[in-house]
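What follows is one structure encoded as structure tokens, with my remarks underneath.
The values are calculated or read from the model by the stated rules, or taken from the named source; none is laboratory data. Computed from a prediction, not measured in an experiment: that's the story for all the values here. Note that we place each Cβ from the backbone using ideal geometry, even for glycine, and neighbour counts take in every protein chain shown.
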Amino acid sequence: MNSLACDIGNSFVKFGFFKDNNLIIVMSVAIKDLKKNKSYFFFRDKIKRVAIASVVSEAKDYLLKEFQKIKGIEVYSLSDLPLDLDISLYEKNKLGEDRIACGYYVYKFYKKNGIVVDLGSATTISCVRKDGVFLGGLILPGIFTSYYFLAKIKEIMKENFIFHKEINYLARSPREGVSEGIKFFVFEGLNYLLKRYRKSLGKDFKVFLTGGLSFLFYRHLKGIDYFEPYLSLKGLNLLLNNI
């Protein structure tokens, strides 16, 4: 059965079209353009089910109403779907739906202890055991979010983020200092965190890298076992199979 998974983040909505559980097409639409850019309706005649996960309630409500207008399509939010991932260790009703979807896929499909690193508007780290228990994690400033927030403070830094792997530890301008500092956080900070997680949780915990910015950084981070840029979409589609 064909389905559409929608992951609503802080900046973009990702739409994943699945044919018989195979991810065929991924489309992204900026949150601010969601009401005028309805290119995702391209899938309307090809799908039977829609699953939506969101960290932005207004955008979620809008998409639910839009898809519910279409006859012959079953529409679900993540909270409507049967979930056999134990999230009771986390504060009730506070765990992001994207993190739930990612953790669920690692547990249910890979059947492994996992550390999920999601590089998006925010950087999140989520840990899940192979017996289906969500252990917790961290929420960190996003890579480009940090850069452009600081750029608003100092006019001199309002230039494009220039990416190259080598870090200049002797930056000689505010813009360069911020740019190099953020790269230091990505390469050194995340690598250090992952090393500490594995030491604390055990070497059998595998690291999964996902998120919109994962394409840019996955070659430069150490100890990544699985590169899964669309983990949340795959998790949502897998949850649809529980119906």
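Take the conditions more than 17 Å from Ala5 (Cβ to Cβ) and of a type outside the set (Lys, Arg) and apply them to Val106. Does it pass?
Here the answer is no, as Val106 does not meet what is asked.
Would you pick out the residues in region 1-21 that are farther than 19 Å from Lys36 by Cβ and touching an Asp or Glu at 6+ places or on another chain (Cβ under 6 Å)?
Listed by number, the list holds a single entry, Asp7.
If a residue has to be closer than 19 Å to Lys234 by Cβ and either in contact with a Cys (Cβ under 7 Å, 6 or more places away or on another chain) or surrounded by fewer than 24 Cβ atoms within 10 Å (Cβ to Cβ) (or both) to count, how many in region 115-128 make the cut?
7
Identify the residue in region 55-81 that is in contact (Cβ under 8 Å) with a residue 60 or more places away in the chain and among the aliphatic types (A, V, I, L, M) and, among all such residues, is nearest to Asp33 (Cα to Cα).
The selected residue is Leu78.
Which count do you get for residues in region 189-237 that are loosely packed, with under 15 Cβ neighbours inside 10 Å, aliphatic (A, V, I, L, M) and under 18 Å from Val128 (Cβ atoms)?
Summing the residues that are loosely packed, with under 15 Cβ neighbours inside 10 Å, aliphatic (A, V, I, L, M) and under 18 Å from Val128 (Cβ atoms) in region 189-237 gives 0.
Restricting attention to region 190-197, does a residue exist that is at pLDDT 85 or above, in contact with a Phe, Trp or Tyr (Cβ under 8 Å, 6 or more places away or on another chain) and assigned to a helix (DSSP H, G or I)?
Among the residues of region 190-197, at least one is at pLDDT 85 or above, in contact with a Phe, Trp or Tyr (Cβ under 8 Å, 6 or more places away or on another chain) and assigned to a helix (DSSP H, G or I), which makes the answer yes.
Tell me yes or no: at least one residue of region 21-43 is among the charged types (D, E, K, R) and surrounded by 19 or more Cβ atoms within 10 Å (Cβ to Cβ).
no
Tell me the residue from Ala59, Ala30, Ala51 that is closer than 21 Å to Gly120 by Cα, modelled with pLDDT of 95 or more and not polar (S, T, N, Q), please.
One residue alone meets the criteria, Ala51.
Read through the list (1) modelled with pLDDT of 90 or more; (2) over 19 Å from Gly223 (Cα atoms), then give the number of the only condition that Gly142 fails.
With respect to (1) modelled with pLDDT of 90 or more; (2) over 19 Å from Gly223 (Cα atoms), Gly142 is out only on (1).
So which of Asp118, Asp80, Asp45 is closer than 23 Å to Phe227 by Cα and of a type in the set (Asp, Glu)?
From the options Asp118, Asp80, Asp45, the qualifying one is Asp118.
Within region 152-169, does at least one residue satisfy the condition of being part of a helix (DSSP H, G or I), farther than 30 Å from Val26 by Cβ, at pLDDT 75 or above and over 21 Å from the mean Cα position of the chain (by Cα)?
The answer is no, given that none of the residues of region 152-169 is part of a helix (DSSP H, G or I), farther than 30 Å from Val26 by Cβ, at pLDDT 75 or above and over 21 Å from the mean Cα position of the chain (by Cα).
Just one of Lys65, Lys111, Lys92 is closer than 24 Å to Ile224 by Cβ and surrounded by fewer than 17 Cβ atoms within 10 Å (Cβ to Cβ); which is it?
Result: Lys111 is the single residue among Lys65, Lys111, Lys92 that is closer than 24 Å to Ile224 by Cβ and surrounded by fewer than 17 Cβ atoms within 10 Å (Cβ to Cβ).
Taking Gly132 as the residue in question, decide whether it is at pLDDT below 95, under 30 Å from Ile73 (Cβ atoms), in the same structural domain as Lys108 (by TED's automatic domain parsing) and in contact with an Asp or Glu (Cβ under 6 Å, 6 or more places away or on another chain).
Criteria not met by Gly132.
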